[in-house]
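S.K.: Structure provided below as structure tokens; questions to follow.
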Amino acid sequence: MRNGMHTDTERCVRAVQSKDARFDGWFFTAVLTTRIYCRPSCPVVPPKPENMTFHPSAAACQQAGFRACKRCRPDTSPGSPEWNQRADLVARAMRLIGDGVVDREGVPGLAGRLGYSTRQIERQLLAELGAGPLALARAQRAQTARLLIETTPLPMTEIAFAAGFSSIRTFNDTVREVFALSPSELRERLPRKRAAAVARANRGATAGGVARAGTAAPAVLCLRLPFRAPLNPDNLFGHLAATAVPGVEEWRDGAYRRTLRLPYGHGIVALTPHADHIGCRLTLSDLRDLTVAISRCRRMLDLDADPVAVDDQLRTDPLLAPLVDKAPGRRVPRTVDEAEFAVRAVLGQQVSTAAARTHAARLVIAHGEPVEDAEGGLTHLFPSPDALAALDPDSLAMPRTRRTTFTTLVRQLADGTLHLGVESDWAQARARLLALPGFGPWTVDAIAMRALGDPDAFLPTDLGVRRAARELGLPSTPAALTARAAAWRPWRAYAVQYLWATDSHPINFLPV
């Protein structure tokens, strides 16, 4: 774990001098002579070591008076893997900030969700990240603004409010302070070829009317989502496509597409794997949801993972090493909606993938909210817990015991007894899930792995995992396999992906 790496000056200097992209997002280099901050892999000639200082976040650099490098654009680097592999207060706060909670509810709202005082949260964030929640949210708003400036034809007034700024003046001042350019200058700096590509990509949105904050007119945005290499897309997109719920998800024209339930409205996203990025085409009913939509898509695709650290650890097991060497960089396919995944996990208990999709599709048609999709076959948002809690249990085509499991789950999700959001304490969420009727270790760990995001969740009773273990010569009984898997910690969820990949199931192959 590289927590606090920015304090290891010698190691940071080596990473900067070697332009090591693996450390992008782990720390940021601030140059005292130019007052600019960069990512470790910045292509310019590295500054002298005595002119470098290191910070744990872009917000900390901005707080210290540094502005973003125009060459390496450190504000667009993949996020720190720390927030996806930890469940402590700081990590949970960072996940909530990434989900836009500070912009929507302020610091008191952030504190309320976490169950701490605002002073405690500010103190811990300052100690670890060098910036408080407002500064971290401000840095995120600046990045969203830059994204809209460079990828849409929107007027600056609309960009300001869509990015979460309270006024045009604050928007202009922040952009100038962070990027040393005015919003108009940022747009003018786009190379001609790139500007033409942006115009072509957004022509449909311009012709149809671009969404204003608070209106229902659709906006179509084409973005690039960065990740740390390597990334193996096979099991990631294969799993999402093979388990896709008709009407909510689909694989079309080389992209995974799905509907999104968002704070201000709804959206549709198309995600396309490329060698050096994930193509992201977002259709939003309200542009204020842009930051949240990007954050949830990155989380679903596990794009902020550190694949080198994961694979290096798993390679220490001689029976796993050949699997890792054959196809490194596997990610854990996650979700954009934790409550949705929990419901689907119950629907998938003791049935095939096809049967689980059929059960989910019936719920979608009966209780989901209709959406329009001009580019494909998506028809609904997945039903909310409130809608599912109101259904007639007798209408569920499943055994009585699983019906009880289903209705208990959706009732607790709807009334707030059970929380499965990004702010969840993993241990507490596991305990509450295990207390529900019909929830055994497999269901709880599946939810922990794919909804809560626990990188160490493990499924020793899963039939696919046990079959792969037998074929590899690993122990196949749950107790013995769990003992052997202790050496894989804290990355057992990734080990599951490599074990599943030994099977010929469609979840392991990129759709054609």
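The values are calculated or read from the model by the stated rules, or taken from the named source; none is laboratory data. What you see is a predicted model; the values in this text were computed from it and never measured. FYI the Cβ positions are ideal-geometry reconstructions off the backbone, even for glycines, and counts take in every protein chain you see.
S.K.: Taking the condition of being touching a residue at least 60 places away in the same chain (Cβ under 8 Å), over 20 Å from E82 (Cβ atoms) and either outside any helix (DSSP H, G or I) or among the hydrophobic types (A, V, I, L, M, F, W, C) (or both), how many residues in segment 93-112 meet it?
M.R.: 0
S.K.: Within segment 373-388, count every residue that is in contact with a Ser or Thr (Cβ under 9 Å, 6 or more places away or on another chain) and surrounded by 15 or more Cβ atoms within 10 Å (Cβ to Cβ). Spell out the reasoning first.
M.R.: Filtering segment 373-388 down to residues in contact with a Ser or Thr (Cβ under 9 Å, 6 or more places away or on another chain) leaves 373-375, 378-382, 388.
Remaining after also requiring surrounded by 15 or more Cβ atoms within 10 Å (Cβ to Cβ): 373, 375, 378-382, 388.
Final tally of qualifying residues: 8.
To keep it simple, each residue is scored yes or no on (1) in contact (Cβ under 8 Å) with a residue 60 or more places away in the chain; (2) crowded, with 19+ Cβ neighbours inside 10 Å; (3) assigned by TED's automatic domain parsing to the domain that holds L287.
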{"site": "R146", "(1), (2), (3)": "yes, yes, no"}
{"site": "E158", "(1), (2), (3)": "yes, no, no"}
{"site": "F165", "(1), (2), (3)": "no, yes, no"}
{"site": "F171", "(1), (2), (3)": "no, yes, no"}
{"site": "V175", "(1), (2), (3)": "no, yes, no"}
{"site": "F179", "(1), (2), (3)": "yes, yes, no"}
{"site": "S182", "(1), (2), (3)": "no, no, no"}
{"site": "E185", "(1), (2), (3)": "no, no, no"}
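S.K.: Exactly one condition in (1) surrounded by fewer than 19 Cβ atoms within 10 Å (Cβ to Cβ); (2) under 22 Å from the mean Cα position of the chain (by Cα); (3) of a type outside the set (A, V, I, L, M); (4) over 20 Å from V175 (Cβ atoms) is not met by G132; state its number.
M.R.: Failed condition: (1).
Yes/no matrix, rows are residues, columns are (1) more than 26 Å from E185 (Cα to Cα); (2) loosely packed, with under 14 Cβ neighbours inside 10 Å; (3) touching a residue at least 24 places away in the same chain (Cβ under 8 Å):
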residue	(1), (2), (3)
R11	yes, no, no
A15	yes, no, yes
A21	yes, no, yes
F28	no, no, yes
V31	no, no, yes
R35	no, yes, yes
P46	yes, no, yes
F54	yes, no, yes
C69	no, no, yes
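S.K.: What is the one condition in (1) at negative phi; (2) in contact (Cβ under 8 Å) with a residue 60 or more places away in the chain that A137 does not satisfy?
M.R.: The one condition A137 does not meet is (2).
S.K.: Right, something else. Check G130, G115 and return the single one that is touching a residue at least 24 places away in the same chain (Cβ under 8 Å), on the phi > 0 side of the Ramachandran plot and outside the structural domain of R299 (by TED's automatic domain parsing). Lay out the reasoning, then the answer.
M.R.: Numbers: G115 fails: touching a residue at least 24 places away in the same chain (Cβ under 8 Å).
Testing whether each residue is touching a residue at least 24 places away in the same chain (Cβ under 8 Å), on the phi > 0 side of the Ramachandran plot and outside the structural domain of R299 (by TED's automatic domain parsing) leaves just G130.
S.K.: Being farther than 19 Å from M300 by Cβ and in the same structural domain as G238 (by TED's automatic domain parsing) narrows it down to one of R489, R432, R484, R467, so name that one.
M.R.: Selected residue: R432, the only one of R489, R432, R484, R467 that is farther than 19 Å from M300 by Cβ and in the same structural domain as G238 (by TED's automatic domain parsing).
S.K.: Additional query: Under the condition of being buried (at least 21 other Cβ atoms within 10 Å of the Cβ) and out of contact with any helix residue (DSSP H, G or I) (no Cβ under 7 Å at 6 or more places or on another chain), which residue from segment 322-356 is farthest from L301 (Cα to Cα)?
M.R.: E340
S.K.: Next question, about the same structure. Going by the conditions given, is A205 outside any loop (DSSP other than H, G, I, E, B), at pLDDT below 75 and either surrounded by 19 or more Cβ atoms within 10 Å (Cβ to Cβ) or in the same structural domain as I36 (by TED's automatic domain parsing) (or both)?
M.R.: For A205, the condition - outside any loop (DSSP other than H, G, I, E, B), at pLDDT below 75 and either surrounded by 19 or more Cβ atoms within 10 Å (Cβ to Cβ) or in the same structural domain as I36 (by TED's automatic domain parsing) (or both) - is met.
S.K.: Here is a follow-up. Considering segment 491-509 alone, what residues qualify as being surrounded by fewer than 16 Cβ atoms within 10 Å (Cβ to Cβ) and in contact (Cβ under 8 Å) with a residue 12 or more places away in the chain? Please lay out each step first, then the result.
M.R.: Within segment 491-509, the first condition is being surrounded by fewer than 16 Cβ atoms within 10 Å (Cβ to Cβ), and the residues that meet it are 503-506.
Scanning segment 491-509 gives D503, H505, P506.
S.K.: Right, something else. Within the group L290, L319, which residue is buried (at least 23 other Cβ atoms within 10 Å of the Cβ) and either among the hydrophobic types (A, V, I, L, M, F, W, C) or out of contact with any His (no Cβ under 9 Å at 6 or more places or on another chain) (or both)? Even if it seems obvious, please write down each step before you answer.
M.R.: Values: L319 fails: buried (at least 23 other Cβ atoms within 10 Å of the Cβ).
Testing whether each residue is buried (at least 23 other Cβ atoms within 10 Å of the Cβ) and either among the hydrophobic types (A, V, I, L, M, F, W, C) or out of contact with any His (no Cβ under 9 Å at 6 or more places or on another chain) (or both) leaves just L290.
Residue by residue, here is whether (1) outside any helix (DSSP H, G or I); (2) within 20 Å of V90 (Cα to Cα); (3) of a type in the set (V, I, T) holds:
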site: C12; (1), (2), (3): no, no, no
site: P40; (1), (2), (3): yes, no, no
site: A59; (1), (2), (3): no, yes, no
site: G65; (1), (2), (3): yes, no, no
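S.K.: Assuming G453 fulfils every condition listed in (1) of a type in the set (G, A, S); (2) under 16 Å from L314 (Cα atoms); (3) crowded, with 19+ Cβ neighbours inside 10 Å apart from one, which condition is it?
M.R.: Here G453 meets the rest and fails (2).
S.K.: Suppose we filter segment 389-398 for residues that are surrounded by 14 or more Cβ atoms within 10 Å (Cβ to Cβ) and part of a helix (DSSP H, G or I); how many remain?
M.R.: First, pick out the residues of segment 389-398 that are surrounded by 14 or more Cβ atoms within 10 Å (Cβ to Cβ): 389, 391, 396, 398.
Filter once more, keeping what is part of a helix (DSSP H, G or I): 389.
So the count comes out to 1.
S.K.: Out of everything in segment 58-67 that is farther than 21 Å from L290 by Cβ and out of contact with any Lys or Arg (no Cβ under 7 Å at 6 or more places or on another chain), what residue ends up being surrounded by the most Cβ atoms within 10 Å (Cβ to Cβ)?
M.R.: Across segment 58-67, the extreme among qualifying residues is C61.
S.K.: Hey, T401 hits all of (1) surrounded by fewer than 19 Cβ atoms within 10 Å (Cβ to Cβ); (2) part of a loop (DSSP other than H, G, I, E, B) but one; which does it fall short on?
M.R.: Unmet for T401, out of (1) surrounded by fewer than 19 Cβ atoms within 10 Å (Cβ to Cβ); (2) part of a loop (DSSP other than H, G, I, E, B): (2).
S.K.: Exactly one of (1) touching a residue at least 40 places away in the same chain (Cβ under 8 Å); (2) within 15 Å of A493 (Cα to Cα); (3) among the acidic types (D, E); (4) surrounded by fewer than 23 Cβ atoms within 10 Å (Cβ to Cβ) is unmet by D462. Its number?
M.R.: (1)
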